[in-house]
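One structure is given here, and the rest of the page talks about it.
No value in this document is a laboratory result; all are computed from the given coordinates. Predicted model, so just to flag it, every value in this text is computed and none were measured. As a convention, Cβ positions derive from the backbone with ideal geometry for all residues, glycine included, and neighbour counts pool all protein chains shown.
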Amino acid sequence: MVSQKGIRSLLTRSESETTHLAEEMGRSLKPGDIVALVGEIGSGKTLFIKGLCRGLGVKDPNEVKSPTFVLLHIYEGRFPIHHFDLYRLEEGKELDAIAFDEFIRNPEAVSLIEWADRAPNRIPEKATWVELKIKGPHSRQISIKSHEENLKH
Ligand SMILES: Nc1ncnc2c1ncn2[C@@H]1O[C@H](COP(=O)(O)OP(=O)(O)OP(=O)(O)O)[C@@H](O)[C@H]1O
Ligand SMILES: [Mg+2]
């Protein structure tokens with residue numbers, strides 16, 4: 001594991017290694033936290049979110065699926081989880097239509113956002129960014145960048 005100020009980066013070699021890493025991170029998430037995920041198609045954003053949801057106490061992680069057509073899915077874990085996928089986003093107005101800003105600023109819920117780089121200016125500064133890179137059929141380089149504010153506690 002490479003660790004610099006606020007950045008953790010490691011190579012996972014299987015789906016289950018990614019799930020475990022995400023589950024561990026999910027256990028430490030608190031209400032109000034925002035996780036912004038980026039990486040090419042098939043890099044593992046949805047799989048990572050499934051792992052986060054396990055760590056967040058979602059009973060059936062199989063209900064975790066990319067909300068491709070509706071932009072948002074909501075699950076119940078230790079607290080509400082808002083799962084967005086911005087892949088098909090064409091303009092900011094669509095985010096206004098679903099009250100995106102209000103959802104992600106809800107202090108009682110956690111927001112997980114796939115393809116967050118499609119709307120970078122709408123992601124609050126305090127968000128944790130997770131970047132996934134495909135290194136081989138079963139390996140992914142995963143970098144987790146926490147905002148300083150989140151490292152204090
Ligand atoms: N080490 C690994 N970590 C994560 N996924 C892996 C790994 N090795 C193989 N995979 C496979 O990569 C795929 C990741 O798919 P997933 O739907 O999570 O990607 P995604 O980034 O959400 O794609 P999309 O942009 O289409 O939403 C799965 O089929 C998974 O089994
Ligand atoms: Mg996905």
Karplus (6.51, -1.76, 1.60) ³J(HN,Hα), θ = phi - 60°, over segment 87-104, in Hz, Gly and Pro reported as x: 3, 8, 5, 9, 8, x, 4, 5, 6, 4, 4, 9, 6, 3, 4, 5, 4, 6
Span per principal axis, largest first, for the Cα atoms of segment 2-151 (Å): 39, 33, 30
Nearest 10 degrees is fine. How inclined is helix 15-27 to the longest principal axis of the chain, computing both from alpha carbons? 60 degrees
Across segment 2-151, qualifying lysine pairs (alpha carbons under 12 Å, at least 8 places apart or different chains) come out at 6
Go through segment 97-139 and name the trypsin sites (Lys or Arg not before Pro) that are in a DSSP coil and have 14 or fewer other Cβ atoms within 10 Å of their Cβ. R105, K126
Give the longest segment of the chain that steers clear of chymotrypsin sites (Phe, Trp or Tyr not before Pro) in DSSP loops with at most 16 neighbouring Cβ atoms within 10 Å, not counting the sites themselves. 1-68
Using +1 at the Cβ of each Lys and Arg and -1 at the Cβ of each Asp and Glu in the chain, identify which of S143, V110, F48 lies farthest towards the dipole's positive end. S143
Hand me the GluC sites (Glu not before Pro) from segment 56-95 located in a DSSP loop with no more than 15 other Cβ atoms within 10 Å, in residue order please. E90, E91
